[in-house]
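All of the numbers you see were taken from the coordinates with simple rules; none came from a lab. All figures in this text were calculated on a predicted structure; none of them were measured in a lab. Cβ coordinates were reconstructed from backbone atoms using ideal geometry, including for glycine residues, and neighbour counts include every protein chain displayed.
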Amino acid sequence: MALKIIDHGTPEYRQMVKLRDDILRKPLGLTFTPDELESEKENMLIAAFEDERMLGCCMLVEEQPGTVRLRQMAVLNDLQGKGIGRALMNFAENLARDRGYRILRMHARVNAVGFYEKVGYKIRGDQFFEVTIPHYVMEKQL
């Protein structure tokens with residue numbers, strides 16, 4: 001498995017959008033707007049590949065100096081639980097640390113909280129709703 005940073009607007013980016021749409025949006029009856037995708041130009045886009053096939057992805061977005069937010073973490077359904085998410089998290093954390101961030105924060109779906117807790121994240125605050133489903137803010141000191 002290869003982990004790498006991908007560029008916005010490339011064929012790999014289009015593959016990333018499709019993966020995120022299939023895993024994160026379609027099950028909720030949602031789609032990405034052109035404005036949402038355009039706003040991702042400044043994000044750090046990360047993906048895991050096996051040859052040309054994208055297995056999972058995520059992105060990092062600066063929230064404020066020293067704090068970066070993980071967004072849009074997705075792994076192919078049939079490959080969840082096989083270490084791809086953990087590898088993506090390690091890569092994202094190392095990238096954030098290398099770029100000077102000290103805190104990694106996310107809005108975690110309730111069904112993913114256990115995964116994030118296993119890799120060292122803590123819930124911060126009360127449950128809230130985003131994209132129609134419950135989430136928690138979670139974070140980790142890098």
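Some points to look at:
- Positive end of the dipole of the chain (Cβ unit charges, origin at the Cα centre): among HIS107, MET16, VAL131, the Cα lying farthest that way belongs to HIS107.
- For the stretch 22-36, 3J(HN,Hα) computed residue by residue from phi via the Karplus equation (6.51, -1.76, 1.60; θ = phi - 60°) reads 5, 8, 9, 9, 3, x, 9, x, 10, 9, 7, 8, x, 5, 4 Hz, glycine and proline entered as x.
- Calculated FRET efficiency for the pair GLU117/LYS82, C-beta based, R₀ 25 Å, to 0.05: 0.85
- Potential lengthening of the chain between VAL61 and ARG97 amounts to 11.6 nm, from the contour at 0.36 nm per residue minus the alpha-carbon distance.
- Along the stretch 91-98 the Karplus relation, 6.51 cos²θ - 1.76 cosθ + 1.60 evaluated at θ = phi - 60°, assigns HN-Hα couplings of 4, 4, 5, 5, 4, 4, 4, 4 Hz to successive residues, with x for each Gly and Pro.
- Taking the Cα centre of the stretch 1-60 as reference, the dipole from Cβ charges on Lys and Arg (+1) and Asp and Glu (-1) amounts to some 180 debye.
- Magnitude of the charge dipole, the chain, Cβ model with Lys/Arg +1 and Asp/Glu -1, debye to 20: 480 debye
- Matching the structure-derived volume of the Cα convex hull per residue in Å³ against the labelled list (i) 118; (ii) 164; (iii) 109 gives the label (iii).
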